[in-house]
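Below is one structure, written out as structure tokens; the observations come after it.
The values are calculated or read from the model by the stated rules, or taken from the named source; none is laboratory data. As the structure is a computational prediction, the values presented were derived from the model and not from experiment. Cβ: placed from backbone, ideal geometry, glycine included. Neighbour counts: every protein chain shown. Just the protein is used for accessible areas: all its heavy atoms, side chains included, with ligands, DNA and RNA removed. Shrake-Rupley method; radii C 1.70, N 1.55, O 1.52, S 1.80 Å.
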Amino acid sequence: MHTDKLIPVAVPASLAREQFPAMAGMLTGLALSLTPSALKSRLIDPEREQRMQAAAPSDKLLRHYLAWSGAPASRYAGGLPPHFFARYGMALVARLMGQVPYSMLSVLNQGCRFQVRKLIPQGERIVMRGRLLDCSQHGSRVRVHAQVTAGWAAEPDAMTVDVYAAVMLGRQAKRQQTPRPDPPFETVGRWAADRKDGQRFFYLTGDFNPIHTLWPVARRTRYGGCILHGFGSLARSWECLADAGHEIVDFDLRFVRPNRLPNPALEVQRTVEADAEGYRQMRLCDPAGSVFLAGRFLDRAAAG
């Protein structure tokens, strides 16, 4: 049995007014990344822990975010969905990523990992601390790894989110890979993304990157149009897995390829059997077999 989330969900543009703190944080990270390296090295200490707080979202914002993600209003019982990190946490991620000696405009998101111990309650002010854990060159690629721990005053370690990115310095030599047979997968949900979903996710989270929101700009890129935010694809896929009975406590995910808009037929699949550690593999793909997200997850029942 699987669920279908194929009908577009309306999101009012007025919600963008709540996103000014998130947008300001992202702009700060961008400005920092564009600072000349010599000056940046005198202004910041990349090994220093950084802290940030975010106000609790309004009921209206959270209600529309849950609807867009495909979650029933009752699912999180007064808590924030873990993937709501896309709204409150990316400003700190941008600040951490802005410390690397490259422009954020050249940084490509590669993936993320969510480790969830407790849900952050609705109405609580969110506290975060983060570090830049890695910025190292490997051939023509620079690997970047930032980690943020989020919670509230009484439980500051409720959740840890690792964000992975890369900077490409040149052409990367293709490596020959030995094909491995896939384990059996089954489809547990389907969802669709229409032409305006990048703009809707901006209204919900404040992530205003033109590649997701402005078609005249996006058409001039190598994608030829807008692509959906990686965290937007994550949120909807997470909820399809939740519909299938999984309360996820660990989700390790790679962004395999851009999800160009519109994309009317996306399938969330999981492996039929869990591995020895209790993890299942998952992927987001289209009927032709193109994979957009791939990773593995652990649910609370398997974690014990």
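Things to note:
- A Cα-only calculation for the range 92-140 places Rg and Dmax at 14.5, 46 Å.
- Hull shadow area, averaged, the range 180-304 [alpha-carbon convex hull, nm²]: 8.2
- Gained length - residue 125 relative to residue 67, 0.36 nm times residue gap less alpha-carbon distance: 18.6 nm
- Estimated FRET transfer efficiency (residue 74, residue 247; beta-carbon r; R0 22 Å; 0.05): 0.95
- Protection proxy ranking for 228-239, 9-20, using the average of other Cβ atoms within 10 Å per residue and placing the highest first: 228-239, 9-20.
- Cα-projected label distance for residue 24 with residue 211, points at 7 Å along beta-carbon direction, nm: 2.7
- Surface composition of the chain: carbon and sulfur atoms hold 52% of the protein heavy-atom accessible area at a 1.4 Å probe.
- Euclidean distance of C-alpha centroids, the range 252-277 and the range 77-150, integer Å: 20
- Order of exposure, largest accessible area first, which applies to 196, 118 with probe 1.4 Å: 196, 118
- For the chain, accessible area per residue (1.4 Å probe, heavy atoms of protein chains only), Å²: 50
- The antiparallel fraction among DSSP beta bridges confined to the chain stands at about 95%.
- Convex hull volume per residue in cubic angstrom - Cα atoms of the chain: 146
- Label point distance in nm, residue 301-residue 138, each placed 7 Å from Cα along Cα→Cβ: 3.5
- Relative contact order of the chain: 21 percent, from C-alpha pairs under 8 Å at least 6 residues apart in sequence.
- Square roots of five times the Cα gyration tensor eigenvalues for the range 1-155, Å: 31, 18, 16
- Packing here is the average count of other Cβ atoms within 10 Å per residue, and on that basis the peptides 258-271, 198-211, highest first, run 198-211, 258-271.
- Take the Cα radius of gyration of the range 180-254 and divide it by 2.2 N^0.38 Å, N being the number of residues; the result is 1.33.
- Two-site FRET efficiency, residue 192 against residue 49, from Cβ-Cβ distance with R₀ of 41 Å, rounded to 0.05: 0.50
- A Cβ-based charge dipole, computed about the Cα centre of the chain with Lys and Arg at +1 and Asp and Glu at -1, lands at about 1120 debye.
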